[in-house]
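Colleague: Dropping a structure here in structure tokens format, bear with me for questions.
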Amino acid sequence: MAKSIELCADNGAFMEKFSLLPQPSSHAQLHLNGLTFAVKDIFDVEGYVTGFGNPDWARTHSVATSTAPAVVSVLKAGATCIGKTVMDEMAYSINGENIHYGTPTNPCAPDRVPGGSSSGSAVAVAAMLADFSLGTDTRGSVRVPASYCGIFGFRPSHGTVSTSGVIPMAQSLDTVGHKIQYTNLGNFVETKVPSLKHFTDNGTKTQDDNIPSLVALSSATSLLQRYELKNNHGEWVRSVKPSLGPGISERVSEALRTTDDNIDACYSLNSEMREALSDLLGDFGILAMPTVPGPPPKLQTEPTALESFRAKAFSLTSVAGASGFVRFMHVDPMFILKKFIHIFGSTLM
């Protein structure tokens with residue numbers, strides 16, 4: 001029987017709600033301590049029928065006698081499971097519409113589909129009903145709803161995470177993936193870094209391809225860079241008068257003219273950025289963002305276009321510069337896998 005009345009709450013994300021408390025072992029590192037998660041109704045949870053998105057399937061199958069190892073691994077890492085989520089019938093769609101249980105409402109775009117088949121898992125995270133969720137991805141069923149709902153979806157390499165206790169759709173392709181929330185970095189920086197107001201140019205707010213707070217952040221790091229370069233090398237430049245190429249010559253000349261104005265604000269901004277990102281990421285968080293705004297400029301690019309690209313690039317790279325945080329140009333897939341193994345290690349096949 002459809003659960004349309006119950007699904008009206010919580011954006012229609014959940015099939016049923018319950019609480020599975022963490023199961024930490026004495027030697028486990030609780031990477032997920034205090035976090036909540038939801039699971040797609042394709043994972044076995046002891047004492048509950050795994051519904052596979054269809055009431056006839058639920059009617060013709062018994063309650064699970066054990067919990068899927070992937071779910072157990074998350075519980076052992078300190079997280080609390082808060083329920084099972086709606087999915088497309090038999091995991092056979094990427095739309096996220098279910099005629100029996102209703103379509104979870106996409107918090108990012110309520111007039112559009114949430115994507116599937118891990119629809120409720122994506123909606124639960126996007127609506128901030130859970131910190132993260134587990135889903136399955138055969139041909140896009142984690143990644144598509146994550147994209148539609150404006151969150152981060154991760155499909156691991158096939159076979160990395162155990163699919164035991166997970167109803168198979170197409171086992172040659174099935175994977176267990178997860179979804180997490182993402183932060184609007186521009187809004188976050190604007191809210192959490194009060195010294196940014198010294199570098200905000202209201203004119204940038206009218207440019208569609210700029211994020212004003214990150215442009216202001218770039219202005220602050222640029223000022224600090226000029227100031228410290230002048231202090232480090234200004235005397236040499238003035239005495240030697242080196243031959244410098246186009247672009248470099250102009251920037252060095254500008255650095256030599258830099259005064260102490262707003263320098264204290266630059267140092268305050270760096271401290272505020274470091275504190276804000278530390279609070280956001282904690283001990284195990286990862287901030288994933290572009291390094292540059294597009295492909296590398298072509299050789300002999302016209303200077304104005306090159307400078308525009310450079311300015312946009314610095315609005316991205318200045319996040320790490322101002323905060324002092326480590327930043328990868330390319331993330332090694334093995335690094336991501338190792339972080340994943342911290343949580344799912346016991347389920348490796």
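The values are calculated or read from the model by the stated rules, or taken from the named source; none is laboratory data. It should be emphasised that the depicted structure is a prediction, and the values quoted were computed from it without experimental measurement. Don't worry about glycine lacking a Cβ; one is built from the backbone with ideal geometry, like all the others, and counts go over all protein chains shown. Areas reflect the complete protein model, heavy atoms only, side chains present, ligands, DNA and RNA absent. Shrake-Rupley method; radii C 1.70, N 1.55, O 1.52, S 1.80 Å.
Colleague: Looking at the stretch 275-298, which of its residues are surrounded by 15 or more Cβ atoms within 10 Å (Cβ to Cβ) and either within 20 Å of Leu224 (Cβ to Cβ) or in contact with a Gly (Cβ under 9 Å, 6 or more places away or on another chain) (or both)?
Modeller: Ala276, Leu277
Colleague: Next up: Go through the residues of the stretch 80-94 one by one and say whether even a single one is within 22 Å of Phe132 (Cβ to Cβ) and of a type in the set (Lys, Arg).
Modeller: Within the stretch 80-94 (the criterion being within 22 Å of Phe132 (Cβ to Cβ) and of a type in the set (Lys, Arg)), the answer is yes, since at least one residue qualifies.
Colleague: Related question: Looking at the stretch 283-299, is at least one residue within 19 Å of Lys197 (Cβ to Cβ) and in contact with a Lys or Arg (Cβ under 6 Å, 6 or more places away or on another chain)?
Modeller: no
Colleague: Which residues, taken from the stretch 132-154, are in a loop (DSSP other than H, G, I, E, B) and either buried (at least 19 other Cβ atoms within 10 Å of the Cβ) or in contact (Cβ under 8 Å) with a residue 60 or more places away in the chain (or both)?
Modeller: Thr138, Ser141, Val142, Ile151 - these are the residues of the stretch 132-154 that are in a loop (DSSP other than H, G, I, E, B) and either buried (at least 19 other Cβ atoms within 10 Å of the Cβ) or in contact (Cβ under 8 Å) with a residue 60 or more places away in the chain (or both).
Colleague: Now for a different question. Which of the residues belonging to the stretch 48-72 are in a loop (DSSP other than H, G, I, E, B) and free of Cβ contacts under 8 Å to residues at least 24 places away in the same chain?
Modeller: Matches in the stretch 48-72: Thr60, His61, Ser62, Thr65.
Colleague: Given the criteria assigned to a strand (DSSP E or B), in contact (Cβ under 8 Å) with a residue 12 or more places away in the chain and of a type in the set (Ser, Thr, Tyr), does Ser157 qualify?
Modeller: No, not satisfied.
Colleague: Taking the criterion of being in contact with a Ser or Thr (Cβ under 6 Å, 6 or more places away or on another chain), farther than 30 Å from Leu35 by Cα and aromatic (Phe, Trp, Tyr), would at least one residue in the stretch 264-281 satisfy it?
Modeller: no
Colleague: Next up: Determine, yes or no, whether Val45 is assigned to a loop (DSSP other than H, G, I, E, B), open to solvent by less than 10 Å² (accessible area, probe 1.4 Å) and at negative phi.
Modeller: Yes: the conditions hold for Val45.
Colleague: Right, another one. Of the residues in the stretch 258-274, how many are in a helix (DSSP H, G or I), exposed (fewer than 14 other Cβ atoms within 10 Å of the Cβ) and free of Cβ contacts under 8 Å to residues at least 40 places away in the same chain?
Modeller: Going through the stretch 258-274 one residue at a time, the tally reaches 1.
Colleague: Moving on. Mind checking whether some residue in the stretch 125-136 is more than 18 Å from Lys40 (Cβ to Cβ) and either more than 15 Å from the chain's Cα centre (by Cα) or among the β-branched types (Val, Ile, Thr) (or both)?
Modeller: No; the residues of the stretch 125-136 include none that is more than 18 Å from Lys40 (Cβ to Cβ) and either more than 15 Å from the chain's Cα centre (by Cα) or among the β-branched types (Val, Ile, Thr) (or both).
Colleague: Looking at the stretch 77-115 only, could you name the residues that are crowded, with 20+ Cβ neighbours inside 10 Å and in a helix (DSSP H, G or I)?
Modeller: Across the stretch 77-115, the qualifying residues are Glu89, Ala91.
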